[in-house]
Amino acid sequence: MFMGLGRADTSKKRDKTKRHVKMSVGEANHMIFLGKSGYGKTTLMRGLVEEINIAHNMAKIPAMIIVLEKKTDHTKAEKIHEIYNTETEKSSDNKIYKKYGEWVWNYIENYIQMQNQYKEHLGMMGDFAFGVPNIIGKFYKYDDKNTFLGRQGLQPYVFPTRRFVFRPRRRKEYISMDNGWHMCKVFDGKIPYDKIPFSLLSALSNLGDQAIYAQRLKNIWEVQGIKDPDIVKGIALEYENNKSNPSATYLRIAETMYQIKNDKLFSKKDTLFTNLSTDAINVIDFSSNSDLTHEEECLIFKFLVMYAINYASQTRTPIYFVVDEVQNMLTDKNGQWAVDKILREGRSMGINLITATQYMYGLPQSLLMGASHVGIIGRLASHTDWKVLNKLIDDFEDSVEPPDPVSTYTQYEDFKKKMKFKGWFSWDKSYTDRIEFRQPQSL
């Protein structure tokens, strides 16, 4: 799997600077990427997901890739407009087609037309818009000779995507247009009733643990395992002496079941797990497209890990969870459970965890110890992080520069430009090398 460009290896006859990671099929290849904001962690993660998809397709080994996306990025659409206007003003169609590829430019033209038609609804691509070709990396220059993509021998490309939104805040058609159009199929993600734990019912309806209605509902829902709201109401009504004038206990249970039935996050039919695919990259959209609380996001993550463990145990399919800003998931017990479960049981089942974070503070030791490979992009956030990694990685002190502070704004700007998309990568925490990380082919 191509990771990027390193220092020239004189022992190699070809591709002296190309660096790869060998993915072990049948066991986990956990990775963690560290670095301050603004150096390209999310961009790196997008390129890594593409490379995983390509590697498995070439090897003809199906894999399930699940990406947890947290944000949309309006600057992508703005840059596409800028590039489109610049290129059409100064270049002929033939020159544009030669530079970007005719299909790529046709896509961009169609997107511009759609955005002009639906101005109020488009322009919010996700951080992981795998269905949109990366013309930004083909437009901007790395140096006098190469663009960012061209330097690495890459071209804009698109990847089939399945995107899952929850309680959508925009129409699915608009989300699809922003993230790849015909390459991005959008699903209204709904959690089936039979996956809902009683603890979630209790939290949603503020049920008191000692109240009679809570105990009765818990008995029906959790002990008896009956999780159809209509059937639950029927059973609860059987407890009543006067069915024509039921008690407050029944009414409280009925109210909770009404709330569940009318919440767009839940349904009798499963539209989430049954639509996860090995034929496309699965994006779990936790951005502003979805109307979720942080606790609900972490619970969905937990459900996905539970599903993945069951799926992997039955099919032996490699599974990759890609979690940007993983520290956010670790602030909730369900998110903690999900990460810990992958680290403890994923390795033997081929369930991989690829994470990125700005700070190591507060991260569980198991996340660092369990990572096969460690990447640093830009610079570390603190000397404390540097000291921790120095104990963890054999050749760290000899390879990685300490995060010394810059003394002027000009130094800061120069350093950020110099280290954008660059850093260090440690293979098996044994060998560390400077690297210019792989650029993504999509946006």
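The values are calculated or read from the model by the stated rules, or taken from the named source; none is laboratory data. The model shown is predicted, which means the values in this text are computed figures rather than measured ones. Counting neighbours? That spans all protein chains shown, and the Cβs are built from the backbone with ideal geometry, glycine included.
Tabulated results
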{"quantity": "Given (1) outside any loop (DSSP other than H, G, I, E, B); (2) more than 13 Å from LYS70 (Cβ to Cβ), index of the condition GLU297 fails", "calculated": "(2)"}
{"quantity": "Residue match in the range 147-156 (condition: touching a Cys at 6+ places or on another chain (Cβ under 8 Å), crowded, with 20+ Cβ neighbours inside 10 Å, in a loop (DSSP other than H, G, I, E, B) and at pLDDT 95 or above)", "calculated": "no"}
{"quantity": "Qualifying residue in the range 90-106 (condition: touching a residue at least 60 places away in the same chain (Cβ under 8 Å) and either surrounded by 18 or more Cβ atoms within 10 Å (Cβ to Cβ) or within 29 Å of PHE266 (Cα to Cα) (or both))", "calculated": "no"}
{"quantity": "Selection from the range 176-221 of residues that are modelled with pLDDT under 85, aliphatic (A, V, I, L, M) and not in a helix (DSSP H, G or I)", "calculated": "LEU207, ALA211"}
{"quantity": "Check on VAL400, surrounded by 15 or more Cβ atoms within 10 Å (Cβ to Cβ), over 30 Å from ILE136 (Cβ atoms), of a type outside the set (Lys, Arg) and touching a helix residue (DSSP H, G or I) at 6+ places or on another chain (Cβ under 8 Å)", "calculated": "no"}
{"quantity": "Candidates THR278, THR293, filtered to the one that is out of contact with any helix residue (DSSP H, G or I) (no Cβ under 8 Å at 6 or more places or on another chain), free of Cβ contacts under 8 Å to residues at least 40 places away in the same chain and assigned by TED's automatic domain parsing to the domain that holds GLU51", "calculated": "THR293"}
{"quantity": "Sole exception among (1) touching a residue at least 40 places away in the same chain (Cβ under 8 Å); (2) outside the structural domain of LEU237 (by TED's automatic domain parsing); (3) surrounded by 17 or more Cβ atoms within 10 Å (Cβ to Cβ); (4) more than 20 Å from LEU68 (Cα to Cα) for ASN110, by number", "calculated": "(3)"}
{"quantity": "Residue that is out of contact with any helix residue (DSSP H, G or I) (no Cβ under 8 Å at 6 or more places or on another chain), polar (S, T, N, Q) and closer than 26 Å to ASN282 by Cα, where the choices are ASN146, ASN106, ASN116", "calculated": "ASN106"}
{"quantity": "Residue that is of a type in the set (A, V, I, L, M), crowded, with 17+ Cβ neighbours inside 10 Å and out of contact with any Asp or Glu (no Cβ under 7 Å at 6 or more places or on another chain), where the choices are ILE231, ILE212, ILE226, ILE319", "calculated": "ILE319"}
{"quantity": "Residue match in the range 109-124 (condition: under 16 Å from THR161 (Cβ atoms), within 27 Å of the chain's Cα centre (by Cα) and aliphatic (A, V, I, L, M))", "calculated": "yes"}
{"quantity": "All positions within the range 180-203 that are surrounded by fewer than 17 Cβ atoms within 10 Å (Cβ to Cβ) and without any contact (Cβ under 8 Å) to a residue 60 or more places away in the chain", "calculated": "HIS182, ASP194, PRO197, SER199"}
{"quantity": "Odd one out for PHE425, checked against (1) within 30 Å of TYR311 (Cα to Cα); (2) surrounded by 14 or more Cβ atoms within 10 Å (Cβ to Cβ); (3) of a type outside the set (Val, Ile, Thr)", "calculated": "(1)"}
{"quantity": "Residue satisfying all of: in the range 159-178; of a type outside the set (A, V, I, L, M, F, W, C) and within 19 Å of THR278 (Cα to Cα); surrounded by the fewest Cβ atoms within 10 Å (Cβ to Cβ) among these", "calculated": "PRO160"}
{"quantity": "Test set (1) modelled with pLDDT of 95 or more; (2) out of contact with any Gly (no Cβ under 9 Å at 6 or more places or on another chain) - MET1 fails condition number", "calculated": "(1)"}
{"quantity": "Residues (over 14 Å from PRO133 (Cβ atoms) and not basic (Lys, Arg)) located in the range 151-169", "calculated": "GLN152, GLY153, PHE164, VAL165, PHE166, PRO168"}
